[in-house]
Each structure stands twice: as C-alpha cells, then as structure tokens.
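Remarks on the structure that follows.
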Amino acid sequence: MSKIKRQTRIRKNIALVSDRHRLSVFRSNKYMYVQVIDQKGQTLFGLTEKSLEKKDAARIEKAKKLGKAIAKMAMEKEIKKVVFDKGRLAYHGKVKAIAEGAREGGLQF
C-alpha cells in the first residue's frame with residue numbers, strides 16, 4: 001500500500017512540472033531501465049543495463065554509468081532539464097546512483 005501511495009505522490013508532483021521531459025526509471029528483478037519521455041507521453045529514447053559494455057562491474061557502478069549514458073544522450077538531443085520519475089521506487093541504492101550519474105552527466109532536475 002505504501003508503494004502505491006508513493007507512486008501517486010510522485011506522479012502528482014511530476015504533473016505540476018509538465019513543461020519538462022521526464023526521466024523515468026524502472027527496476028526489474030534483473031535489470032534497470034531508464035527512458036526519457038516527453039510531455040505527451042511518447043518515449044524519446046531509453047537505455048538498459050544490458051546495453052552497457054562492462055558486464056562485471058558492481059550494481060551501483062552500473063547504475064551510475066547508466067545515468068551518465070542517458071545524460072549524454074539527452075545532451076545530444078539538447079535536453080538539459082528533466083523531472084526525475086522514480087515511480088514507486090525508494091530513492092536509495094541503484095535509483096539514487098542513476099540520479100547522481102545523470103547529474104554528473106549534465107542533466108538538471
């Protein structure tokens with residue numbers, strides 16, 4: 001129940017900042033998925049941990065590299081400001097590492 005409440009609260013706050021693109025994070029049991037979504041709900045581009053070159057790195061390091069890679073792709077498309085949509089996930093561990101990597105890559109939340 002608390003996960004549903006958290007997701008509702010996050011999505012409500014994202015709707016208030018509707019002039020920015022959304023950096024959406026999804027975590028499955030195996031991989032992390034990150035995508036940039038425009039205001040209409042269309043996915044512009046996305047990445048997964050599977051697409052990273054280094055397979056033997058630690059989970060947090062992979063997540064940080066994933067954040068940097070998505071930030072690089074966003075900068076190439078001239079997207080600098082996004083809203084971080086973590087959905088129902090708590091902001092710690094791999095989710096936090098993706099956010100830190102994206103910030104290091106130049107994205108502003």
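The values are calculated or read from the model by the stated rules, or taken from the named source; none is laboratory data. It should be emphasised that the depicted structure is a prediction, and the values quoted were computed from it without experimental measurement. Don't worry about glycine lacking a Cβ; one is built from the backbone with ideal geometry, like all the others, and counts go over all protein chains shown.
Lys65: touching a residue at least 12 places away in the same chain (Cβ under 8 Å), surrounded by 14 or more Cβ atoms within 10 Å (Cβ to Cβ) and out of contact with any Pro (no Cβ under 6 Å at 6 or more places or on another chain), yes or no? Steps first, answer last, please.
Values: touching a residue at least 12 places away in the same chain (Cβ under 8 Å): yes; surrounded by 14 or more Cβ atoms within 10 Å (Cβ to Cβ): yes; out of contact with any Pro (no Cβ under 6 Å at 6 or more places or on another chain): yes.
Considered against the rule, which asks whether it is touching a residue at least 12 places away in the same chain (Cβ under 8 Å), surrounded by 14 or more Cβ atoms within 10 Å (Cβ to Cβ) and out of contact with any Pro (no Cβ under 6 Å at 6 or more places or on another chain), Lys65 comes out as yes.
Just a yes or no: is a residue in the range 49-67 over 18 Å from Glu100 (Cβ atoms) and touching a Leu at 6+ places or on another chain (Cβ under 8 Å)?
No, there is no match, as no residue in the range 49-67 is over 18 Å from Glu100 (Cβ atoms) and touching a Leu at 6+ places or on another chain (Cβ under 8 Å).
Among (1) of a type outside the set (Ser, Thr, Tyr); (2) more than 18 Å from Ile98 (Cβ to Cβ); (3) surrounded by 16 or more Cβ atoms within 10 Å (Cβ to Cβ), which single condition is Lys3 missing?
(3)
Within the range 84-96, identify whether any single residue is in a strand (DSSP E or B) and under 13 Å from the mean Cα position of the chain (by Cα), and answer yes or no. Before the answer, list the steps.
So in the range 84-96, the residues in a strand (DSSP E or B) come out as 84-85.
Now narrow it down to the ones that are under 13 Å from the mean Cα position of the chain (by Cα): 84-85.
So far as the range 84-96 goes, yes, one or more of its residues are in a strand (DSSP E or B) and under 13 Å from the mean Cα position of the chain (by Cα).
Pull up the range 70-109, narrow it to residues that are within 19 Å of Ser2 (Cβ to Cβ), in contact (Cβ under 8 Å) with a residue 40 or more places away in the chain and of a type outside the set (Gly, Ala, Ser), then point me to the one that is surrounded by the fewest Cβ atoms within 10 Å (Cβ to Cβ).
The first filter runs over the range 70-109 and keeps only residues within 19 Å of Ser2 (Cβ to Cβ), leaving 85-93, 95-96.
Now drop any that are not in contact (Cβ under 8 Å) with a residue 40 or more places away in the chain, which leaves 85-90, 95.
Narrowing further to those that are of a type outside the set (Gly, Ala, Ser): 85-86, 88-89, 95.
Numbers: Asp85: 19, Lys86: 20, Arg88: 16, Leu89: 20, Val95: 20.
Ranking the qualifying residues of the range 70-109, first place goes to Arg88.
For the subset of the range 39-48 comprising residues that are of a type outside the set (Gly, Ala, Ser), out of contact with any Leu (no Cβ under 9 Å at 6 or more places or on another chain) and at pLDDT 90 or above, which member is farthest from Asp19 (Cα to Cα)? First the steps, then the outcome.
Narrowing the range 39-48 to residues of a type outside the set (Gly, Ala, Ser): 39-40, 42-45, 47-48.
Among the residues that remain, those that are also out of contact with any Leu (no Cβ under 9 Å at 6 or more places or on another chain) are: 39-40, 42-45.
So of that shortlist, the ones also at pLDDT 90 or above come out as 42-45.
Working: Gln42: 14, Thr43: 15, Leu44: 15, Phe45: 18 Å.
Applying the filter and picking the extreme gives Phe45.
Could you list all residues from the range 15-47 that are free of Cβ contacts under 8 Å to residues at least 40 places away in the same chain, loosely packed, with under 15 Cβ neighbours inside 10 Å and among the aliphatic types (A, V, I, L, M)?
Those that are free of Cβ contacts under 8 Å to residues at least 40 places away in the same chain, loosely packed, with under 15 Cβ neighbours inside 10 Å and among the aliphatic types (A, V, I, L, M): Ala15, Leu16, Leu44.
Restricting attention to the range 4-54, report how many residues are under 14 Å from Phe84 (Cβ atoms) and of a type in the set (Phe, Trp, Tyr).
Counting residues in the range 4-54 that are under 14 Å from Phe84 (Cβ atoms) and of a type in the set (Phe, Trp, Tyr) gives 1.
Can you tell me how many residues within the range 56-83 are within 14 Å of the chain's Cα centre (by Cα), over 12 Å from Met32 (Cβ atoms) and not aliphatic (A, V, I, L, M)?
4
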